[in-house]
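The values are calculated or read from the model by the stated rules, or taken from the named source; none is laboratory data. All values reported here derive from a predicted model rather than from experimental measurement. Cβ placement follows ideal geometry from the backbone for every residue including glycine, while neighbour counts extend to all protein chains displayed. We work out accessible area using only protein heavy atoms, side chains counted, and drop any ligands, DNA or RNA first. Shrake-Rupley method; radii C 1.70, N 1.55, O 1.52, S 1.80 Å.
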Amino acid sequence: MRFVIALPFLWLGVFFLLPFALVLAIALGTNAPDSVPPVELGIGLKNFALLFTDDLYLAAWLTSLRVATTSTLVALLLGYPMAYAIARAAPERRPLLLMLVVLPFWTSFLIRVYAWMGLLDENGLLNQFLRWSGIATDPGTILGTEWAVHLGIVYAYLPFMVLPLYATLEKMDMSLLEAAADLGARPFAAFLTITLPLSLPGVVAGCLLVFIPAVGEFVIPDLLGGTETLMIGKVLWDEFFTNADWPLASAVAICLLALLVGPIALFQRQQARSLERH
Amino acid sequence: MDRREDGPVSGPIVRIEGLTKRFGAVTAVDDVDLEVAPGELFALLGGSGCGKTTLLRLLAGFETPDAGRLLIDGQDMTGVPPHLRPVNMMFQSYALFPHMNVAENVGYGLRREGVAKAEATTRVADALEQVRLTEYAQRRPAQLSGGQRQRVALARALVKRPKILLLDEPLAALDRKLREGTRFELVRLQAELGLTFVMVTHDQQEAMSMATRLAVMNAGRIVQVGSPREVYERPATRFVADFIGVANILKTEDGWLALRPEKIALSVERSGLANVVAGKIVDLAYEGDRSLYRIATDGAVLIVSTAPNLAHRRGDSVWLGWAADAGHPLDA
Amino acid sequence: MSRVFISLLLAFAAAPAFGQGSVNVYNWSDYIAEDQLKSFTKDTGIRVNYTTYDSNEILDAKLRTGKSGYDVVVPTASPFFVRQLTAGLYRPLDKAKLKNWNNLDPEILVALAKYDPGNTHGIPWMWGTTGIGYNVAEIRKRLPDAPVDSLSMIFDPAVVSKFKDCGVMVLDSATDVFPAALKYLGLDPDSKKPDDLVKAADVVKAVRPFIRKFHSSEYINALAGGNICLAFGFSGDVFQARDRAAKAKDKQDIAYAIPKEGSLLWIDVAAIPKDAPNPANALRFLDFMLDPKVAAASSELTGYANGNKAAFALLPKDISSNPLIYPPADVRAKFYTITAGTPEQTRERTRLWTAVKTGR
């Protein structure tokens, strides 16, 4: 029994705390390109100082936050109606609808991103259709723009938005909506005053599940985005591979984590509050 | 000026004509006609699946009928959505909004109606006072006891000043002791407000003790409507006789006869009553305020209820007797 | 002590099976004629554990982590091999045991010596140029007399702007593009002077608006699929795009040109990691790679030039006489290579590059 309780802690210790301590140790060290591994351990904050003084890094942070925020909001706007529709569908149809949401995961993530490249290219399916249908003769190219990055992130992470939203919407007591209607609420007012506030835990969970990976996303901006969309994931890549500066790359990773701890803590607090409420 | 005084004084507050509701192959409400007069405490009584709850939900507007008409205060409710109906409901689960405190719950309907803030505050305070919850105004539903929640639900519906208050099994979620007190409180409130209550219950004792009139339902149909006394004393069918209270149902030459246990006299000597029969005590139970017997006679086992009596023993031979008008003939 | 700790935990590479009589080779995919591997095992009795990668970065990370378990790896000379060499990641070659060493092309050895003085640590495997890939029809349509064999195709705003609508991609690599821009300006392509680099950056900045994307591999598919019409990239990649386009339904005619101003020579180098578990077998494998038969067969497979002079005679005509694969002497004379520079210079260059391509 004691072992069972210890298991999650063991897991956390081995697969999160230890690697984290390691990354932190490297981040505090100095780049030593001539050794294996290329790190001189020590206690210094100059890697972090560089991250916060160089405007290029700051710009990358801001771009990442901006892209992640907009993508999360779009995913929420798209995912909420989807989750709502599934939660209100006939119970025997819900498993099928949920499976449709999860179905894309059966294909490799990379292949799906490549498929978007094929769709959004200059001569991709989208433009072919636009030209063929005569809607636009010179439609321009979405691939290689920030639009494509947003699209890719929203597409890739939409299921992570839909599933927690569905979970909260599905377990909602329908008699609450009847009570609201009974007390004079139009359907939309009932949605705003009852459904929406009660689904807030799902909204927060979904947003975190989209926002967190979106901030550090590397593959999608690399493949779908243009060069001007400089996100922090690319900076990390450059530091690690192009500059072979592991300490600085680790510092970026630590900052990324620190940045995400904020929203997670917020979520925890909100969860705790809703627990004491019910 | 209360709204309930505006309506026409004469005429029923609820009028149901040929109302039918089907769910797939099941006819939940089957061609029901019913009238409820203003100021009544009307109970819909029946076992589970008899259609009483569906009928209540049709009144509230949560279900749309497949056939028939439903008028509230003379107005046809066909196509009127729940939020526009002049009725309010107290849900069996109470359906309190968990993310709002008591005052917000009670004020919810007033906010939807667009009642001015000052007026709404006063009305909420009044409603909370009515159900003795003033000091709980800031609590969340999760922080209340079952009885307190029930009173919040009541206040939340009453504060809207509906023409009819619908109550879905209002006492079912309470424990037995609380149920007794709440029963009287509901009746007191109803009388005080002069409001029409339509209540659904499966508990015949509850219906009998509270309702001014009641409808007994079975398989989607109303079997009998009347005052508790009428229904008890003169059940229309064997189903009603059996469902309401305890009845000995006897077969006679003319048909069926319902004989309530307390109408039967039990004696050691043969009595001079119109009907007499000899029997033997099979079972007996002393219940404090009365004694119950099961007595085997020539034809059947009869249940008899008398004033508390410790003199009889199991196996004793006794005489049963009842007056000529004690039994009530049944239709079917 | 702490270093051992880190390398232990960072050893994310699943090390291949070690043991006597085997050699662990980590190579680019489709980079050696695999039937030759069988004959190596037959001749020597050494089992080959052959695994492949498709990016220098992966190899770099594994080597820097330490204990990679590989005996033979094939990084690109610049900037990877040279950097790894500076970090002391390679074992010097015992040339006495490489009896085929003299098959190597002295010209390529000289070029490689810029990274590996005295050619003490690596042998050249395949090599190629950095130049201009283009869609013949699309370029002709927009600029009939386009200077396709000049760096002005990429760096002259007046020229490259003509191709903005059909799409231009440039390598996302400071070590390839800055030297070319310096060459275009007539400066030393290997210059590490900040002033020179700023000038090179200005050249790239001026044409940036016309470039759809900086990316180091995407241009292969994009060229082949007709989604872009012009790319600055590696010869081998453009050949791949050309072959793919020729097989496609609507055939795009893709061509490659070596810039007449001079081309940055890329060389993939076979070398033995310092901690190779089977260094003796590794040497035997390198000697096998130096076998003209093996080199020639591999060039046939890849379509790239190899660094093996003796193999030239064994090559099919369409490779050996192709001036884009084996350019004539006057073109070769203008090949250039660049040196590694200090980590600080690398950082400054990367930063400048990031700033340029993101338009800051």
Worksheet item: Which value, in debye to the nearest 20, gives the size of the charge dipole of region A:57-277 about its Cα centre, when Lys and Arg are +1 and Asp and Glu are -1 at the Cβ?
Response: 640 debye
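Calculate, for A:Q271 and B:Q75, the FRET efficiency according to 1/(1 + (r/R0)^6) with r their C-beta to C-beta distance and R0 41 Å; round to the nearest 0.05. Write down the numbers at each step before the final one.
Details: r = 47 Å, r/R0 = 1.15.
In this case the efficiency is close to 0.30.
Once you charge only the Cβ atoms, +1 for Lys and Arg and -1 for Asp and Glu, what is the size of the charge dipole of chain C about its Cα centre, to the nearest 20 debye?
It works out to roughly 520 debye.
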Practice prompt. Report in % the part of the accessible area of chain B that belongs to carbon and sulfur, leaving out ligands and nucleic acids; probe 1.4 Å.
Written response: 49 percent
Practice prompt. For chain C, with a Gaussian network of springs between Cα atoms less than 10 Å apart, report the residue from C:Y326, C:Y53, C:Y184 with the top mean-square fluctuation.
Written response: C:Y53
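Scan chain B and hand back the longest stretch that contains none of the trypsin sites (Lys or Arg not before Pro) lying in DSSP loops with at most 16 other Cβ atoms within 10 Å.
Values: sites that count: B:R132, B:R139, B:R270, B:R290, B:R313, B:R314.
Between exposed loop sites, the widest span is B:1-131.
Is the C-alpha gyration tensor of region A:57-277 telling us rounded, prolate or oblate? Criteria: a/c under 1.5 is rounded; beyond that, a/b larger than b/c is prolate, otherwise oblate.
Oblate is the answer for region A:57-277, as a/c is 1.5 or above yet b/c matches or exceeds a/b.
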Worksheet item: Taking region B:207-264, which GluC sites (Glu not before Pro) meet the DSSP loop condition and have no more than 11 other C-beta atoms within 10 Å?
Response: B:E253
Worksheet item: Once phi is turned into ³J(HN,Hα) by the Karplus curve 6.51 cos²θ - 1.76 cosθ + 1.60 with θ = phi - 60°, what whole-Hz value does each residue of region C:314-331 show in order, with x for glycine and proline?
Response: 8, 6, x, 4, 5, 9, 5, 9, 7, x, 7, 8, 10, x, x, 4, 5, 6
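For the interface of chains A and B, what total accessible area is buried with a 1.4 Å probe, rounded to the nearest 100 Å²?
Interface area, both chains combined: 1900 Å², rounded to the nearest 100.
With a sphere of radius 14 Å drawn around the Cβ of A:Y166, what net charge do the other residues whose Cβ falls strictly inside it have (Lys, Arg +1; Asp, Glu -1)?
+3
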Worksheet item: Whose amide H sits under 5 Å from the amide H of C:E261, counting only residues 5 or more places off or on another chain, with H placed in the peptide plane?
Response: C:L151
Worksheet entry | Unsatisfied cross-links (Cα-Cα over 21 Å) in the set C:K62/C:K357; A:K234/C:K164; A:K171/B:K117; C:K309/C:K334 | C:K62/C:K357; A:K234/C:K164; A:K171/B:K117
Worksheet entry | region A:154-242: chymotrypsin sites (Phe, Trp or Tyr not before Pro) in DSSP coil with no more than 16 other Cβ atoms inside 10 Å | A:F218
Worksheet item: With each run of n ≥ 4 DSSP H residues scored as -39500 (n - 2.57), what mean residue ellipticity at 222 nm is computed for the protein assembly as shown after dividing by its residue count and rounding to the nearest 500 deg cm²/dmol?
Response: -13500 deg cm²/dmol
Worksheet item: Counting Lys and Arg as +1 and Asp and Glu as -1, each charge on the Cβ, what is the dipole of the protein assembly as shown about the Cα centre in debye, to the nearest 20?
Response: 800 debye
Discussion item. Quick check on my link table: of C:K97/C:K293; C:K213/C:K249; C:K162/C:K183; C:K162/C:K193, which ones sit more than 27 Å apart, alpha carbon to alpha carbon?
Written reply: C:K162/C:K193
Worksheet entry | Choice from A:L236, A:L65, A:L110 showing the highest fluctuation, given a GNM over chain A with Cα pairs closer than 10 Å | A:L110
Worksheet item: If you take the charge dipole of the protein assembly as shown about its Cα centre, with +1 on Lys and Arg Cβ and -1 on Asp and Glu Cβ, which of C:Q252, B:Q75, A:A148 is farthest toward its positive end?
Response: A:A148
Worksheet, complete the sentence: Highest GNM mean-square fluctuation among B:G321, B:G74, B:G181, for chain B with Cα springs under 10 Å, belongs to B:G181
Practice prompt. Taking just the C-alpha trace of region C:55-103, give me its Rg and Dmax in Å.
Written response: 12.1, 34
Item to complete: Treating cross-link reach as a plain straight distance, find the aspartates and glutamates whose alpha-carbon is under 15 Å from the alpha-carbon of C:K95, omitting any fewer than eight places away in the same chain.
Response: C:D116, C:D287, C:D291
Worksheet item: So who's got an amide H within less than 5 Å of the one on C:S22, skipping anything under 5 residues away but keeping other chains? H placed 1.01 Å off N, in plane.
Response: C:R47
Worksheet item: Tell me, what ³J(HN,Hα) does each residue in region A:112-127 have, in order and in whole Hz, if you take phi through Karplus 6.51 cos²θ - 1.76 cosθ + 1.60 with θ = phi - 60° and put x for Gly and Pro?
Response: 5, 5, 4, 4, 5, 4, x, 7, 9, 4, 3, 9, x, 4, 4, 5
Fill in: Zone of A:T53's modelled label, taken as backbone nitrogen in region C:309-346 under 19 Å from a point 7 Å along Cα→Cβ
C:343-346
Fill in: Alpha-carbon centroids, region C:235-299 and region A:63-139: separation in whole Å
39 Å
Response to the item:
Amide H contacts under 5 Å for C:N308, restricted to residues at least 5 apart in sequence or on another chain and with H modeled in the peptide plane, are C:D105
Response to the item:
Taking every other residue with Cβ under 10 Å from the Cβ of C:K164 and scoring Lys and Arg +1, Asp and Glu -1, one gets +2
Fill in: Helix A:18-28 vs. chain A, principal-axis angle (Cα, 0 to 90°, nearest 10)
50 degrees
Practice prompt. Can you find, among A:P263, A:P201, A:L77, the residue farthest towards the positive end of the dipole of region A:57-277? Put +1 on the C-beta of Lys and Arg, -1 on that of Asp and Glu.
Written response: A:P201
Worksheet entry | Area hidden from solvent between C and A (accessible, protein heavy atoms only, 1.4 Å, total, Å²) | 3600 Å²
Practice prompt. Just report the Cα centroid separation between region C:22-44 and region A:202-278, whole Å.
Written response: 42 Å
Worksheet item: Projected onto the charge dipole of region A:57-277 (+1 at Lys/Arg Cβ, -1 at Asp/Glu Cβ, origin at the Cα centre), which of A:I111, A:L158, A:I86 gives the Cα projection farthest towards the positive end?
Response: A:I86
Discussion item. Per residue of region C:227-233, what does 6.51 cos²θ - 1.76 cosθ + 1.60 with θ = phi - 60° give for ³J(HN,Hα)? Whole Hz please, x for Gly and Pro, Karplus curve as stated.
Written reply: 8, 9, 10, 8, 9, 9, x
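Specify whether the C-alpha gyration tensor of chain C places it in the rounded, prolate or oblate class, a ≥ b ≥ c being the square roots of the eigenvalues: rounded for a/c under 1.5, otherwise prolate if a/b is larger than b/c and oblate if not.
Prolate shape, in that a/c is at least 1.5 and a/b is the bigger ratio.
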Worksheet entry | Cβ-based net charge around B:G79, under 12 Å, with every Lys or Arg adding one and every Asp or Glu removing one | +1
Worksheet item: For chain B, what are the DSSP H helices with axial Cα length of 15 Å or more and mean Kyte-Doolittle hydropathy of at least -1.0?
Response: B:102-113, B:117-130, B:146-158, B:176-193
Worksheet item: If B:T212, C:T65 are ordered by their accessible area, calculated over protein heavy atoms with a 1.4 Å probe, which sequence runs from highest to lowest?
Response: B:T212, C:T65
